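Dropping a structure here in structure tokens format, bear with me for questions.
Read-outs throughout are calculated quantities, based only on the coordinates presented, and are distinct from any laboratory measurement. Since the model is a prediction, treat every value here as computed from it, not as a measurement. Positions of Cβ are backbone-derived with ideal geometry, glycine not excepted, and every protein chain shown enters the neighbour counts.
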């Protein structure tokens with residue numbers, strides 16, 4: 001958290017990611033068993049996302065949709081999407097499906113706080129101004145996740161992220177991380 005590329009941000013990211021994995025291990029085990037009992041397919045969902053400097057990486061989540069969901073429906077999740085499994089609804093509502101992204105943080109592909117990592121088909125259409133978001137490592141949570149989440153248009157989200165992360169500080173990132181819990185509990189902006 002804090003200035004992009006700072007040692008403090010990287011150390012904080014690693015510390016909180018490892019701590020999250022340790023604390024959430026029992027919950028992850030329960031979620032993994034529930035996913036396997038609820039529907040066929042892999043436990044984890046891996047998808048290419050655009051990261052720092054426009055480089056692609058494989059983001060990891062717990063699978064909350066039916067197997068091969070991208071082949072039987074739209075690329076992005078829709079409101080009341082029938083591809084979401086029963087367990088997936090719970091995982092998404094509680095954001096438990098996001099916990100494996102700490103692995104991406106440990107690998108250095110993501111940060112705890114940063115812009116939302118977007119799929120390449122959307123980022124390929126970014127204007128030169130919007131591409132400035134690639135100057136920042138994507139995050140598990142961030143300014144757009146606490147201010148509208150999935151209700152924001154990509155244009156509005158990217159503009160908000162560029163403005164915020166250009167001036168982010170350790171304390172402002174900590175405030176976002178803390179506010180994330182309120183947003184998860186209220187399910188504000190989630191579809």
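Quick check: pseudo-label points 7 Å beyond the Cα along Cα→Cβ at residue 127 and residue 86, how many nm apart are they?
A separation of 4.7 nm, rounded to one decimal place.
Please list, in order, the residues from region 136-151 whose amide nitrogen is less than 13 Å from a point placed 7 Å along the Cα→Cβ vector of residue 43.
Label zone hits: none.
Now, a different point. Which of these, 128, 98, 67, has the largest mean-square fluctuation under a Gaussian network model of the chain (Cα springs below 10 Å)?
Of 128, 98, 67, the most mobile in the Gaussian network model is 128.
Over the chain, what portion of Cα pair distances is larger than 27 Å, expressed as a whole percent? Working shown, then result.
Working: 4505 of 18145 pairs.
Taking all Cα-Cα pairs of the chain, the fraction more than 27 Å apart is 25 percent.
Okay, moving on. Please build a GNM for the chain, connecting alpha carbons under 10 Å apart, and tell me which residue among 116, 63, 93 fluctuates the most.
Ranking 116, 63, 93 by mean-square fluctuation puts 93 first.
I want to make sure I understand the PRE zone here: with the label point 7 angstrom from the Cα of residue 22 toward its beta carbon, which residues in region 102-127 have backbone N atoms less than 17 Å away?
In region 102-127, the label zone of residue 22 (backbone N under 17 Å from the point 7 Å along Cα→Cβ) covers 102-103, 106.
Suppose we keep just the DSSP beta bridges with both residues in the chain; what percent of those would be antiparallel, to 5? Show your work: numbers first, answer last.
Numbers: 9 of 11 bridges.
The antiparallel proportion sits near 80 percent.
Based only on other Cβ atoms within 10 Å, what is the fewest-to-most ordering of 155, 38? Could you put the intermediate results ahead of the total?
Values: 155 12, 38 17.
Ascending number of Cβ neighbours within 10 Å: 155, 38.
Separate question: Does anyone have the angle between helix 154-165 and the longest principal axis of the chain? Alpha-carbon axes, 0 to 90°, nearest 10?
Around 50 degrees separate the two axes.
Give the relative contact order (percent, whole number) for the chain; include only Cα pairs under 8 Å separated by 6+ residues.
Working: 286 pairs, mean separation 48.3, N = 191.
Relative contact order for the chain comes out at 25 percent.
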